[in-house]
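Just below is one structure, and these are the notes that go with it.
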Amino acid sequence: MSKSLERVRAALDAAGVAFDLREMAAETRTAEQAAAAAGCALDQIVKSVLFRGSGSGQLRLFLTAGGNRIDPDRASTLAQEPLERADAALIRAETGFAIGGVAPLGHLNPCALWMDPRLMDFAVVWAAAGTPRHIFAIAPAVLRRITGAALAEFTAQPAPRQSAGHVK
């Protein structure tokens, strides 16, 4: 078992919560791949997106629904500093996970984190378990509790729909 997967399993076991950890036949690096492998809706996938504080250099983790995009301005407001995407080397060094397998828990160095309220709309969500082929299912309220994530609005607002009517 990989060290990354072992850390995720140990964190889940230590929390004493129910979870369903699975190795998939295909990669689950993207939300679309994970949803296809799990047989669930795209928004049931927990994307772990990391940013680096421009001033502090600290990582900030945003857990968002698979179909949502993070609004950098809203995320920066929550973090109380401008944010920039964290690079792969920093993510690996701080979390112990490679991009495509970043779990929402079991990090080498904990960081501040926020959770998309959209995830709370489901009975079960799926998250990366430390490798590009392992994911786990968990109740979103349980995931929020064991990670200490704050529920917050940080996703991009959907574009307004155009009227189907004719303009005269």
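The values are calculated or read from the model by the stated rules, or taken from the named source; none is laboratory data. Worth saying up front: this structure is predicted, and the values here are computed from it rather than measured. Ideal geometry is used to build each Cβ from the backbone, glycine not excepted, and the neighbour counts take in all protein chains shown. SASA here: full protein model, heavy atoms, side chains in, ligands and nucleic acids out. Shrake-Rupley method; radii C 1.70, N 1.55, O 1.52, S 1.80 Å.
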Size of the dipole of the stretch 1-140 about the Cα centre, Lys and Arg at +1 and Asp and Glu at -1 on the beta carbon, nothing else charged, in debye to 20? 220 debye
Return the long-range amide H neighbours of residue 102 (sequence gap of 5 or more, or a different chain), with a cut-off of under 5 Å between placed amide H atoms. none
Where 21, 78 fall by accessible area, highest first, once all protein chains stay in place (1.4 Å): 78, 21
For q = 0.10, 0.17, 0.20 Å⁻¹, Debye-computed log10 I/I(0) when each Cα of the chain counts as one equal scatterer: -0.36, -0.99, -1.36
Karplus couplings for the stretch 50-63 from phi (6.51 cos²θ - 1.76 cosθ + 1.60, θ = phi - 60°), rounded to Hz, Gly and Pro as x? 10, 10, 10, x, 4, x, 7, x, 7, 6, 10, 10, 10, 9
Which value in nm describes the separation of the simple spin-label points at residue 77 and residue 120, placed 7 Å from the Cα toward the beta carbon? 1.8 nm
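Go ahead and run the numbers for FRET between residue 141 and residue 21, Cβ-Cβ distance against an R0 of 30 Å, rounding to 0.05.
On the way: r = 19 Å, r/R0 = 0.62.
The value I calculate is 0.95.
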Roughly speaking, what is the centre-to-centre gap between the stretch 63-81 and the stretch 1-31 when only Cα atoms are used, to the nearest Å? 24 Å
